[in-house]
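In what follows, a structure is listed as structure tokens, so that the remarks can point back to it.
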Amino acid sequence: MNTKALEKIALSIKALSMDAIQKANSGHPGVCMGAAELGAILYAELMRHDPLDSKWPDRDRFVMSAGHGSMFLYSLLYLSGYKTITLDALKSFRQIGSPAAGHPEYGYAEGIEMTTGPLGQGFATAVGMVIAEAMLAERFNTAKHKIVDHYTWVLAGDGCLQEGVSGEASSLAGHLELGKLIVFYDSNKITIDGSTDLSFTEDVEGRYKAYGWQVLSGSMYDFEEIAKLVKEAKAETKKPSLIILKSIIGKGSPNKQNTADIHGAPLGAEELAITKKELGIEGDFYTAPEALSYFETKRAEWKTIREKWLETFEAWAKENPDKKKEWDAYYSGRFNPAALPTYKEGDKIATRAAGNKALASISLANKNLVGGSADLKGPNAVALPDTSAFSAKDRSGRYIYYGIREFAMAAISNGITLHGGFRSFCATFMVFADYLRPALRLSALMKLPVIYVLTHDSIFVGEDGPTHQPVEHLASLRAIPNVLVLRPADAEETAEAWAMAMETKDRPIVLALSRQNTTVFEKQDPEWKNTMRTGAYIAQKAEKAETVIIATGSEVNLAIKAAGIAAQKGKKIQVVSMVSRELFESQNEVIRNAIVPQGARVLVCEAGVRSGWEAWAEPKDIFSIDRFGESGPADKVAEHLGFTAEALANMI
Ligand SMILES: Cc1ncc(C[n+]2csc(CCOP(=O)(O)OP(=O)(O)O)c2C)c(N)n1
Ligand SMILES: [Mg+2]
């Protein structure tokens with residue numbers, strides 16, 4: 001370790017960050033300057049990475065959980081030689097089209113492991129990355145060849161430590177003994193509003209010890225000490241490590257350091273000039289020659305390390321052809337179609353239960369599918385029959401007991417997916433999607449195909465009452481761009497919906513499933529399995545239909561019944577099962593008109609708020625539930641709310 005060179009790297013991080021933020025007239029210099037020393041030692045000494053191959057499977061992961069400090073990450077990516085973040089990119093920081101976006105955006109540049117900015121979520125997501133590493137290591141390492149052996153590093157600030165989601169995830173990480181997680185806490189005791197004395201005086205160290213973590217402390221500004229602490233962190237293979245580094249926000253700015261002023265605003269021309277003078281920085285976008293040359297030497301070392309890994313990998317592949325085949329299958333992202341369960345017309349089964357049958361057969365054919373529920377394995381019906389539970393003792397298990405931690409569960413699912421090698425699902429009651437929504441939003445933003453199994457999807461939950469009966473949730477889930485909401489109507493559709501979810505590669509999928517039984521109905525479109533993939537198909541056909549009922553999920557049964565009642569009065573009614581409105585809306589007019597013919601009166605039937613259906617039907621023709629439900633047996637609740645086939649038939 002060359003501490004002189006590290007000092008110069010830290011200086012360069014400060015210089016680049018200050019200037020990029022000043023030029024953009026926007027950004028957060030505080031953490032970039034205050035934690036620059038950590039950045040230097042992390043990227044130059046501690047991390048096993050190679051900018052020549054940012055997707056190297058056995059690289060260490062770094063998550064900038066304090067995502068507002070994006071310039072910290074960009075400076076390091078630039079200095080260490082990742083391709084996308086060039087000097088020009090730094091000069092266009094926070095401008096449209098720049099890979100150096102306001103906050104780190106996954107996919108914008110090599111070396112950005114995930115989108116961060118929503119505080120706490122990076123931390124929680126990193127836990128998923130560590131789980132994935134442990135699972136892969138268990139499956140693929142042999143006594144002779146260790147091809148999976150890397151660490152996940154996190155930089156978290158006061159904000160990340162305050163957010164509940166990091167606590168949920170940390171509790172689970174301690175329980176699961178995820179020793180390869182190393183989190184640095186940039187403890188500068190400043191957030192936007194001022195000193196943490198205003199709202200955050202708890203004993204973080206005690207809390208983390210109680211979670212089962214190893215907690216270490218030191219100074220942000222002592223390279224030798226940080227190196228020593230990291231050694232201790234690595235030596236502790238069972239407990240995750242929290243390394244609390246006492247720091248000074250904005251260190252180096254004579255008049256603004258250690259104040260909230262430097263958290264999230266450019267220094268300003270005057271203070272910038274004073275700071276540069278104080279630090280010995282010359283010119284704009286300064287990089288110290290010693291920093292650049294040090295990284296140049298490092299790049300050669302990193303390349304050798306990665307090439308050595310490749311050699312090991314090839315030797316391993318040769319000696320373990322079956323494992324190699326499995327590895328390729330894991331990483332291909334391919335879905336192995338399974339023999340999906342079949343049903344007969346008239347079968348009565350809840351779509352959540354049908355979901356479990358589909359999941360079971362998909363799991364058999366896709367051993368890289370991992371996931372679990374937030375303490376609702378039975379009610380969500382997501383047990384995996386062909387595996388054990390992932391635990392501290394058993395890393396081979398594919399079922400994850402998340403405990404009642406919905407938000408961390410979803411963030412961890414993102415992390416597992418981001419790591420690579422696995423498909424990930426998670427499950428809870430639909431009404432508690434609110435508890436995980438920020439992570440679903442990040443799945444969507446990062447285009448991650450995480451599967452969200454959300455059961456008990458309407459007032460037909462029944463007795464548990466309004467707290468457990470979703471009404472606004474379908475609308476609110478559909479409102480998130482890039483989320484694919486699938487609400488299958490019966491057991492047959494559910495099996496196909498699971499297959500559709502597995503076929504999807506670039507967006508999160510919500511499987512909205514019923515608590516109550518639905519009846520398998522005759523599909524009058526013989527090609528329904530294909531047509532369904534457009535988002536909708538004709539469940540019950542009518543020649544020259546006067547009325548088309550668009551129904552979703554369990555309400556397709558109700559619509560068919562209503563159509564039957566109305567047909568007795570000579571009405572010609574077509575029933576459409578719209579398994580995914582957003583998918584159907586993305587189809588061309590020809591496809592749409594073939595299913596919902598122009599000129600027909602359209603009725604919409606969904607047991608939830610009407611929001612979003614206005615484009616499909618006149619307000620009076622939307623059969624919806626625009627209020628909270630009631631506690632009672634499901635059919636009584638529906639009756640009480642006037643949500644019955646008879647009422648729909650009357651509307652017709
Ligand atoms: C979930 C969430 N809430 C609020 C914010 C807005 N925000 C950005 S940074 C910040 C303060 C963070 O303080 P700290 O982590 O201590 O960072 P530092 O000021 O030390 O750089 C807040 C509230 C956010 N990004 N994410
Ligand atoms: Mg802080």
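The values are calculated or read from the model by the stated rules, or taken from the named source; none is laboratory data. Note that the coordinates shown come from a computational prediction; the quantities given were computed from them, not determined experimentally. FYI the Cβ positions are ideal-geometry reconstructions off the backbone, even for glycines, and counts take in every protein chain you see. The area values use the complete protein model at the heavy-atom level, side chains included, leaving out ligands, DNA and RNA. Shrake-Rupley method; radii C 1.70, N 1.55, O 1.52, S 1.80 Å.
Odds and ends about this structure:
- The fraction of accessible area contributed by carbon and sulfur in region 109-169 is 45 percent, rounded to a whole number (1.4 Å probe; ligands and nucleic acids excluded).
- Helix axis angle, 164-175 relative to the chain longest principal axis, alpha carbon, degrees: 80
- Dipole magnitude for region 94-168: computed about the Cα centre from +1 point charges on Lys and Arg Cβ and -1 point charges on Asp and Glu Cβ, it is near 240 debye.
- Leading residue at positive end of dipole, region 202-361 (Cβ point charges), from TRP309, PHE295, ILE226: TRP309
- In the chain, helical runs assigned H by DSSP with n ≥ 4 each contribute -39500 (n - 2.57); averaged across all residues and rounded to the nearest 500, the mean residue ellipticity at 222 nm is -12000 deg cm²/dmol.
- Taking region 585-621 and a reference point 7 angstrom along Cα→Cβ of LYS572, the backbone N atoms nearer than 12 Å belong to 600-601.
- Note on ASP386 and ASP506: the extension gain reaches 40.5 nm, defined as 0.36 nm multiplied by sequence separation minus the Cα-Cα distance.
- If the chain linking LEU310 and THR467 were pulled fully straight, counting 0.36 nm for each residue of separation and taking away their Cα-Cα distance, it would gain 51.2 nm.
- Note: region 161-227, Cα convex hull, 97 Å³ per residue.
- Centroid-to-centroid, using Cα positions, region 438-516 and region 24-48 are 39 Å apart.
- Cβ charges +1 (Lys, Arg) and -1 (Asp, Glu), total dipole of region 268-336, debye: 480
- A simple packing score, the average count of other Cβ atoms within 10 Å per residue, orders the peptides 499-510, 553-564, 88-99, 428-439 as 553-564, 428-439, 499-510, 88-99, with the highest score first.
- Cα pair count fraction exceeding 21 Å, expressed as % - region 314-375: 44
- Acute angle (nearest 10 degrees) that the helix 491-503 long axis makes with the longest principal axis of the chain, alpha-carbon atoms: 30
- Just so you know, the Cα atoms of region 1-65 work out to an Rg and Dmax of 13.3, 38 Å.
- Per-peptide average of other Cβ atoms within 10 Å, ordering 337-345, 455-463, 573-581 highest first: 573-581, 455-463, 337-345
- Taking the convex hull of the alpha carbon positions in the chain and averaging its projected area over all directions gives 30.0 nm².
- More than 21 angstrom apart: percent of Cα pairs within region 426-575: 48
- Once the 1.4 Å probe is applied to the protein heavy atoms, the chain comes out at 38 Å² accessible per residue.
- Diffusion coefficient of region 526-601 by Stokes-Einstein, Kirkwood radius over Cα pairs, 25 °C, 0.890 mPa s: 198 µm²/s.
- Of the residues GLY27, ILE9, GLY39, the one whose Cα sits farthest toward the positive end of the charge dipole of region 1-45, with +1 on the Cβ of Lys and Arg and -1 on the Cβ of Asp and Glu, is GLY27.
- Computed packing ranks the peptides 34-40, 311-317, 222-228 as 34-40, 222-228, 311-317, most packed first, by mean other Cβ atoms within 10 Å.
- Estimated FRET transfer efficiency when R0 is 45 angstrom, pair ILE192-LYS620 (beta carbons, to 0.05): 0.40
- Put simply, the convex hull of the Cα atoms in region 547-639 casts, on average, a shadow of 6.6 nm².
- Simple Cβ-charge dipole of the chain, Lys/Arg +1 and Asp/Glu -1, about Cα centre, in debye nearest 20: 1160
- Under the simplified labelling scheme, the ARG601-THR342 pair shows an inter-label distance of 4.0 nm, with each label point 7 Å from Cα along Cα→Cβ.
- For the chain, the longest principal axis of the C-alpha atoms and the axis of helix 437-446 are separated by about 80°.
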